[in-house]
Every structure is written in C-alpha cells, then in structure tokens.
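S.K.: One structure is given below, represented as structure tokens, and several questions about it will come after.
The values are calculated or read from the model by the stated rules, or taken from the named source; none is laboratory data. What you are looking at is a predicted structure, and each value in this text was computed from that prediction instead of being measured. With ideal geometry, Cβ positions are generated from the backbone for all residues, glycine too; neighbour counts draw on all protein chains shown.
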Amino acid sequence: MNRSGYSLGESSLLLWLGAALVAVLAAHVFLGWLREAQRQPTLRANWLALVLAAFSMGTGISATLLLALAAEALSFGLGYRLLAVPALWLGGIAAVLPLGAWLMWRQDRLALIACGVLLGGLALALQAGWLTAVGFRPGLRWKPHFIAAAAMLQMVGLGLALRIGLGPTAMARDGMLWRLGAAVLMAASLVGGQELLLLDAGLMAQVGSVYDNEMPGTVLSLAVGALAPLVMAVMAVDLGLRRGMSRPYGPDMAPPKRRKRRHRIRTL
C-alpha cells in the first residue's frame, strides 16, 4: 500500500473514532439532562433540560451517521439534498422531545422499554433518512433481514441503556460507573445498528451522488466533525458542574454554622 493509501486509511479511522466519540458524548449528555429533569418533573421548570436532552440525542444520531459515512472513503464525492439537511436535523430533535417528556414523568419498566423501542426506531429512521438524502446512484436496495437486525439491536440496546441510566442505582451519588456504562451501551447500540445499515446499503456498488452539487459532503462532515464533539463536550462539562452544585452536603462536608450574636443590653 502506498503513502496515499495509508493516509486515507488513517483519516477514515479517525473519522470513525470521531463518530464513536460523538455517540458516547451524546448518550451521556442525553441521559444526564433527563436525570436533571426528573428531579423536578414539571414541564415549566424543566423545559430547558428537555430541550437540551433532545438536542443532544437528535444531533448525536445525525452527527454519528454523517461522520461514519464520511469514513467509508468512497470513490466519489458525497452530496446531500439541501432541504433535507435542516429537515432531518431539526426533525430528529423534535421527535425526541415527547420521548424525553415521557421519561421525565414516568420511570417504570414499561415506560423505559417503550421509550427504548421508540427511540431505537427513531434512530433507524433518521439514519436511513440521511442515507436517502445522499441520492446514491444507481440507488440503495435494502434487505429486510439487515434492517430487522439493526432495529432489534438499537431497540434492545437503547431500552437496556435507559433502564440502567435512569434507574435508582444510576441516580445515587456513587452511581457514576452505572451512568457511564449506560452511555457506552447506548452509543454502542447506535453505532452497531448504524454499521448494519451501512452494510445493508451496499455503498461499494454505488457510483455517484445525485445531490453532489447542492450540499457537499466534505463541507458538512468537516463542520460536524469540528462542532459536534465541541458542543457535546461543553454540554457534558456544564452538566457536571450543575450536578456538583446541586449535590447535597455530606456529613464531612457540612456547611459551617453561623455563630449566634448575643445582644447586650446597655444600661444608662
């Protein structure tokens, strides 16, 4: 393999690792903001937490697919339909909002399983929507068994991740490992289902993109690769700071007691 082949392989690996990193950060931020919303389960008090949770998950699903698709290193330039880019991004965020509201009010087993199934189906539809927005030539031919496997992996994985990440063990003060494990499981489910969908798409049989003159894939992948990890990292840091500020004092970290002032009565 020549030097250009090595550089191409390295760039593809970095893009794929970037996609996996974005998936982990998005899952961590999504679960974290949902836990914050559960502390005061009223829509008026926690609308911002719900919006941030939906933003992180909707953006994470889209960004992970875009970076993974750029890592495929196809022989032709990718392009996306211009109107489909904001529609898929904002539509994914809007679709997560009702699921986040449901999880804010209900944390029983049935609600977690149902939301995991719906979120897995939403992720699969969003991933397929981005692949369709490329306009591959001669076109994608989906195989039902690959789609079923991708759907099952994401639905089961996301359901288990919600069960772990929003359960009482993860809500405890010493539940950091459970929270991180839930985020990794959710990210692995998203990436695994996505890879099955990319394998089913048969990208190596494609010869071009219909929309290569509308939204260049290089520009979109560079913007996503630069902004998505940065935004997710900032949201994760902000979430950690909020959690630290709202943490109750322990027995060894009790706030200092104020000394009572004694007022002396002066006599004339």
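S.K.: Return only the number of the condition from (1) more than 24 Å from L153 (Cβ to Cβ); (2) among the aromatic types (F, W, Y); (3) surrounded by 19 or more Cβ atoms within 10 Å (Cβ to Cβ) that F30 does not satisfy.
M.R.: (1)
S.K.: Against the definition (at pLDDT 95 or above and assigned to a helix (DSSP H, G or I)), how does A111 come out, yes or no? Show your work before the answer.
M.R.: Values: at pLDDT 95 or above: no; assigned to a helix (DSSP H, G or I): yes.
For A111, the condition - at pLDDT 95 or above and assigned to a helix (DSSP H, G or I) - is not met.
S.K.: Give the range 174-229 a look and list any residue that's buried (at least 19 other Cβ atoms within 10 Å of the Cβ) and of a type in the set (D, E, K, R), or say none.
M.R.: R179, D200
S.K.: Just wondering, is there one or more residues in the range 91-98 that are in contact with a Phe, Trp or Tyr (Cβ under 6 Å, 6 or more places away or on another chain), surrounded by 17 or more Cβ atoms within 10 Å (Cβ to Cβ) and farther than 20 Å from G217 by Cα? Before the answer, list the steps.
M.R.: Quick first cut of the range 91-98, residues in contact with a Phe, Trp or Tyr (Cβ under 6 Å, 6 or more places away or on another chain) only: 93.
Adding the requirement that they be surrounded by 17 or more Cβ atoms within 10 Å (Cβ to Cβ) leaves 93.
When the remaining residues are screened for being farther than 20 Å from G217 by Cα, the result is 93.
Yes: the range 91-98 contains one or more residues that are in contact with a Phe, Trp or Tyr (Cβ under 6 Å, 6 or more places away or on another chain), surrounded by 17 or more Cβ atoms within 10 Å (Cβ to Cβ) and farther than 20 Å from G217 by Cα.
S.K.: Return the residue satisfying two criteria in turn: it lies in the range 42-67 and is buried (at least 23 other Cβ atoms within 10 Å of the Cβ) and of a type in the set (A, V, I, L, M), and of such residues it is nearest to A123 (Cα to Cα).
M.R.: The residue in question is I61.
S.K.: Among the residues of the range 202-223, how many are out of contact with any helix residue (DSSP H, G or I) (no Cβ under 6 Å at 6 or more places or on another chain) and closer than 29 Å to P144 by Cα?
M.R.: Here the count works out to 11.
S.K.: While we're here: Of a type in the set (V, I, T), out of contact with any strand residue (DSSP E or B) (no Cβ under 7 Å at 6 or more places or on another chain) and at pLDDT below 95 - does that describe any residue in the range 62-83?
M.R.: First, pick out the residues of the range 62-83 that are of a type in the set (V, I, T): 64.
So of that shortlist, the ones also out of contact with any strand residue (DSSP E or B) (no Cβ under 7 Å at 6 or more places or on another chain) come out as 64.
Retained after the next criterion (residues that are at pLDDT below 95): none.
Among the residues of the range 62-83, not one is of a type in the set (V, I, T), out of contact with any strand residue (DSSP E or B) (no Cβ under 7 Å at 6 or more places or on another chain) and at pLDDT below 95, which makes the answer no.
S.K.: Which one is nearest to W33 (Cα to Cα) among residues in the range 190-236 that are in a loop (DSSP other than H, G, I, E, B) and β-branched (V, I, T)?
M.R.: Taking the range 190-236 as the starting set, the residues that turn out to be in a loop (DSSP other than H, G, I, E, B) are 202, 206-207, 210-214.
Narrowing further to those that are β-branched (V, I, T): 207, 210.
Numbers: V207: 42, V210: 39 Å.
Only one residue fits best here, namely V210.
S.K.: Could you please tell me which pairs satisfy a Cβ distance under 7 Å, a separation of 6+ or placement on different chains, a first residue in the range 142-169 that is in contact (Cβ under 8 Å) with a residue 24 or more places away in the chain and closer than 14 Å to A187 by Cα, and a second residue that is part of a helix (DSSP H, G or I) and among the charged types (D, E, K, R)?
M.R.: Close Cβ pairs satisfying both conditions: G165/R179.
S.K.: Hey, another quick one. For the range 61-87, name all the residues that are of a type in the set (G, A, S), in contact with a Leu (Cβ under 7 Å, 6 or more places away or on another chain) and not in a loop (DSSP other than H, G, I, E, B). Break it down into steps so the answer makes sense when it comes.
M.R.: Of all residues in the range 61-87, those of a type in the set (G, A, S) come to 62-63, 68, 70-71, 73, 75, 77, 79, 84, 87.
With in contact with a Leu (Cβ under 7 Å, 6 or more places away or on another chain) added as a condition, the list becomes 62, 68, 70-71, 73.
Once the filter is applied, which keeps residues that are of a type in the set (G, A, S), in contact with a Leu (Cβ under 7 Å, 6 or more places away or on another chain) and not in a loop (DSSP other than H, G, I, E, B), the range 61-87 yields S62, A68, A70.
S.K.: For the range 136-162, which positions are at pLDDT 90 or above and either of a type in the set (K, R) or touching a strand residue (DSSP E or B) at 6+ places or on another chain (Cβ under 8 Å) (or both)?
M.R.: The one that is at pLDDT 90 or above and either of a type in the set (K, R) or touching a strand residue (DSSP E or B) at 6+ places or on another chain (Cβ under 8 Å) (or both): F136.
S.K.: Just the residues that are outside any helix (DSSP H, G or I) and under 21 Å from S56 (Cβ atoms), please, taken from the range 144-188. Walk me through it before giving the result.
M.R.: First, the residues of the range 144-188 that are outside any helix (DSSP H, G or I): 166-167, 172-175.
Correct list: L166, G167, G175.
S.K.: Does any residue in the range 181-206 that is farther than 10 Å from A27 by Cα come within less than 8 Å, Cβ to Cβ, of a residue that is of a type in the set (K, R) and modelled with pLDDT under 90 six or more places away or on a different chain, and which pairs are these?
M.R.: Note: pairs meeting the criteria are D200/K143; G202/R141; Q206/R137.
S.K.: One residue is enough: does the range 129-143 have a residue meeting the conditions crowded, with 17+ Cβ neighbours inside 10 Å, assigned to a loop (DSSP other than H, G, I, E, B) and of a type outside the set (A, V, I, L, M, F, W, C)?
M.R.: yes
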